[in-house]
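What follows is one structure encoded as structure tokens, with my remarks underneath.
The values are calculated or read from the model by the stated rules, or taken from the named source; none is laboratory data. Computed from a predicted model, the values in this text were never measured in an experiment. Backbone-built Cβ (ideal geometry, glycine too); neighbour counts: all protein chains shown.
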Amino acid sequence: MTGDPGAGERPSSATLASVVTREAEAANRSRLAWRQEQLRVWDLLQLVTPWLLLTISTAIYFSRVLPASGDGFWPEGAVVLGLVAATALWVLFGQTLPLRRRALRPVPAGIYLVGLLALCVVLMTVSDVFLVVTVAGFFQAYLLRPWPVGVLGVLVTSVVLNGAAMSVWADPSSEVLAEFLLIVAVQTAAIGVGIVLTARSEPEERKREELVERLEAALHENAGLHAQLVAQARESGVQDERQRLAGEIHDTLAQGLAGIITQLQAAERSTGARGESDEHVARALRLARSSLTEARRSVQALAPQELGRAQLPDALRTLAERWSQDQGIATRVEVTGTREPLSPAIEVSLFRVAQESLTNVAKHADASRVGVTLSYTGTEVLLDVRDDGRGFADEDGTGFGLTSMRQRIRGVGGHVEVQSAPGDGTSVSARVPAIAPAGARAAEVDR
């Protein structure tokens, strides 16, 4: 097997791209899930807080405050219950339903906050226990737009809450007023900073979410394109393998069977001469056995039989000698340059070109001489097969054998030229790069 050692251990670029795509998609999904979880928790707090505070205040009032005051349910309790019911309806239609429908607008949100604080003031005139309901105003202030209106909402809520808690309106002394103003200022600044930061980061967060969505869409598109490229590569590989098998069958079985038919036809024509007929039959049997062996080796995707026992120059000489004996045509093989080890794919391709060229000479050329030259030039290897046969016109040089020959040599980075003219013979020239086997390249690197 050719290739660098350990090449199977390195992931391909397609595999790396697939891994990066999956990791990016997982990271984006995790980020979006975290963001959605944040929004879900915040929305839940916005929805639940007013109801929770109103429920707690009402429960404490009717379980402890009202019985401790000595007043009966009527009329004190009934009035408070009516105010609680009015507050609940205000929260339901002013905040809960719009939030669930995602239809809360800035102006209605401001009106809702003012109404909520007014109801809280009324409830606090009955009992201080309803102070906690006013805290819901801080949560509502985060929903006000633009952010200065939200800070104003925090300021008003703080004034209402701390004014009732410190009884500023009942005892407006300088010390109480100063303490009240300090608390309101600190509280407004602390909560208002959160509103300002949220308002400033919201556009960036929105842009970030849009970019993440675009990136996720691009990743999905990239995954689809990658799958399409893999499918196309698979189809191309299938087509190449079909072409390779077609070439193998043509170079082995078809040529062998053609030779068998030729020998049997010759034997049929020479039935009168016993010895000559036996010779043709013997050649046919030899070709049949050779074709069977080649068929088995082609199925196993091995090199030609001659290359299994020798290097390319010796394999070409063996091929030429056998072909010359079978066809009765003088054949000469020359090797020039310094022999160099070649990749098995290169050797097989050149051998098949020589085999196909000799087969074409036997079928069509009616030649008396054939020359095979293998030239090592250092960076390239050239193979020339020439005959002195009848030749052919340029438009006739497009048969399956020549096409298969060109495709085979193109597959190893070379090219084939065919020159012929009627009455001037034919020359087939193959030029391929002199690529050494993987073991030879590794040995040179070690040295």
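Could you list all residues from segment 67-99 that are without any contact (Cβ under 8 Å) to a residue 24 or more places away in the chain, aliphatic (A, V, I, L, M) and surrounded by 14 or more Cβ atoms within 10 Å (Cβ to Cβ)? Please lay out each step first, then the result.
Restricting attention to segment 67-99, the residues satisfying the condition of being without any contact (Cβ under 8 Å) to a residue 24 or more places away in the chain are 67-75, 77-78, 81-82, 85, 89, 92-94, 97-98.
After this cut, where a residue has to be aliphatic (A, V, I, L, M) as well, the list is 68, 78, 81, 85, 89, 92, 97.
Residue satisfying the conditions is 81 alone.
Of a type in the set (A, V, I, L, M) and modelled with pLDDT of 90 or more, is that true of residue 303?
Values: of a type in the set (A, V, I, L, M): yes; modelled with pLDDT of 90 or more: no.
No.
Kindly establish whether residue 107 is surrounded by 12 or more Cβ atoms within 10 Å (Cβ to Cβ) and either part of a helix (DSSP H, G or I) or at pLDDT 90 or above (or both). Give the steps one after another, and end with the answer.
Working: surrounded by 12 or more Cβ atoms within 10 Å (Cβ to Cβ): no; either part of a helix (DSSP H, G or I) or at pLDDT 90 or above (or both): yes.
No: the conditions fail for residue 107.
Filter segment 47-64 for residues that are β-branched (Val, Ile, Thr) and surrounded by fewer than 18 Cβ atoms within 10 Å (Cβ to Cβ) and give the result. Full working, then the answer.
Within segment 47-64, the first condition is being β-branched (Val, Ile, Thr), and the residues that meet it are 48-49, 55-56, 58, 60.
Within segment 47-64, 48, 55, 56, 60 qualify.
Mind telling me which of the residues 97, 113, 83 ends up being assigned by TED's automatic domain parsing to the domain that holds residue 197 and under 27 Å from residue 190 (Cβ atoms)? It would help to see each step written out before you state the result.
Details: 97 fails: under 27 Å from residue 190 (Cβ atoms); 83 fails: under 27 Å from residue 190 (Cβ atoms).
Of 97, 113, 83, the one residue that is assigned by TED's automatic domain parsing to the domain that holds residue 197 and under 27 Å from residue 190 (Cβ atoms) is 113.
Tell me, which residue of segment 322-344 that is more than 17 Å from residue 376 (Cβ to Cβ) and among the aliphatic types (A, V, I, L, M) is surrounded by the most Cβ atoms within 10 Å (Cβ to Cβ)? Step through it out loud before you land on a result.
Kept after step one, since they are more than 17 Å from residue 376 (Cβ to Cβ), are these residues of segment 322-344: 322-332.
From the residues that got through so far, the ones that are among the aliphatic types (A, V, I, L, M) too are 329-330.
Numbers: 329: 21, 330: 12.
Only one residue tops the list, namely 329.
Take the conditions modelled with pLDDT under 90, out of contact with any strand residue (DSSP E or B) (no Cβ under 8 Å at 6 or more places or on another chain) and among the aromatic types (Phe, Trp, Tyr) and apply them to residue 90. Does it pass? So that I can check it myself, show each step before the final result.
On the way: modelled with pLDDT under 90: no; out of contact with any strand residue (DSSP E or B) (no Cβ under 8 Å at 6 or more places or on another chain): yes; among the aromatic types (Phe, Trp, Tyr): yes.
Taking the combined requirement at face value, the residue does not satisfy it.
Pull out all pairs, ordered by first then second residue, where Cβ-Cβ is under 9 Å, the residues are six or more apart or on different chains, the first lies in segment 39-61 and is without any contact (Cβ under 8 Å) to a residue 24 or more places away in the chain, and the second is surrounded by 12 or more Cβ atoms within 10 Å (Cβ to Cβ).
Every condition considered, the pairs that remain are 42/142; 52/136.
Look at residue 206 and say whether it is within 29 Å of residue 144 (Cβ to Cβ), modelled with pLDDT under 70, part of a helix (DSSP H, G or I) and in the same structural domain as residue 146 (by TED's automatic domain parsing). Outline the logic, then answer.
Details: within 29 Å of residue 144 (Cβ to Cβ): yes; modelled with pLDDT under 70: yes; part of a helix (DSSP H, G or I): yes; in the same structural domain as residue 146 (by TED's automatic domain parsing): yes.
Considered against the rule, which asks whether it is within 29 Å of residue 144 (Cβ to Cβ), modelled with pLDDT under 70, part of a helix (DSSP H, G or I) and in the same structural domain as residue 146 (by TED's automatic domain parsing), residue 206 comes out as yes.
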